[in-house]
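Colleague: Take this structure, written in structure tokens, and hold onto it; I'll ask about it next.
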Amino acid sequence: MRKIRIPRILKINWINGLAICVVFNNGESRIIDFRKVLLEIGVKSDSPVNILFDSVEFSKVKLVDNTLSWENVDQYISSKNGGKIKVPFEIGADILFRFSQPEKSESLIGVGKMIRESRLRSGMSQQELALISGTSRTYISRIENDRSDIELTTLRKIIETGLGKKMEIRIK
């Protein structure tokens, strides 16, 4: 049976105005433009959620239970006894993933391209490289297509064990 992966947010990388970059549980850093999200979900001018169009209020976001949460939005639900309970404003990580775009990093683009070129020069398939380096073909594909971040230890394993090359890192 195929396992269904539900998107979860693991980390907030940065916030700039109404854009936020997060890391999802698939390893991708993705950017969410909340101006588009709030307009798409139909936030009206009289809604308490409307305060999130203010970048200062928007920046009060916190990561709670693997999604984004704003306690500064006056949102209430009814309790069993008829009272009102204040709850934070949240949008499910699955919805946020659909509204997000991959973050493009120049360094990652270079790494993926270098791995692909070296693999092809060596005459290896993605599957062969994955088996030798102890990863999966889909992971190799995601790296080569700039769809996943990569840890240095894994990068070293792919380059040195899988491709038989030496890894050198420079800071310019």
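Bear in mind that the values in this text are calculations on the coordinates, not laboratory data. This is a predicted model, so every value here is computed, not measured. Using ideal geometry, Cβ is built from the backbone for each residue, glycine included, and neighbour counts are taken over all protein chains shown.
Colleague: Sorted from largest down, what three extents in whole angstroms do the Cα atoms of region 9-102 have along their principal axes?
Modeller: Cα spread of region 9-102 along its principal axes, largest to smallest: 43, 26, 21 Å.
Colleague: How long are the semi-axes of the ellipsoid equivalent to region 106-162, from square roots of 5 times the Cα gyration tensor eigenvalues, in whole Å, largest first?
Modeller: 15, 12, 10
Colleague: Pairs Lys11/Lys60; Lys11/Lys104; Lys113/Lys172; Lys104/Lys172; Lys62/Lys104: which exceed 22 Å Cα-Cα?
Modeller: The pairs that break the limit, which is 22 Å between Cα atoms, are Lys62/Lys104.
Colleague: Once you charge only the Cβ atoms, +1 for Lys and Arg and -1 for Asp and Glu, what is the size of the charge dipole of the chain about its Cα centre, to the nearest 20 debye?
Modeller: Dipole size: approximately 600 debye.
Colleague: On a full-extension model of 0.36 nm per residue, what is the gain between Ile169 and Arg35, subtracting their alpha-carbon distance, rounded to one decimal in nm?
Modeller: Going from the current span to full extension adds 44.4 nm.
Colleague: Out of the trypsin sites (Lys or Arg not before Pro) in region 1-52, which ones are loop residues according to DSSP with at most 12 other C-beta atoms within 10 Å?
Modeller: Arg2, Lys3, Arg5, Lys44
Colleague: Here is a follow-up. Would you mind computing Rg(Cα) / (2.2 N^0.38 Å) for region 53-172, counting N as its residues?
Modeller: 1.62
Colleague: With Cβ to Cβ distances under 13 Å as the rule, what net charge do the other residues near Ile51 carry (K, R +1; D, E -1)?
Modeller: With Lys, Arg at +1 and Asp, Glu at -1, the neighbours total -3.
Colleague: For a quick check: sort Ser78, Ser125 by the number of other beta carbons within 10 angstrom, fewest at the front.
Modeller: By the 10 Å Cβ count, ascending, the order reads Ser78, Ser125.
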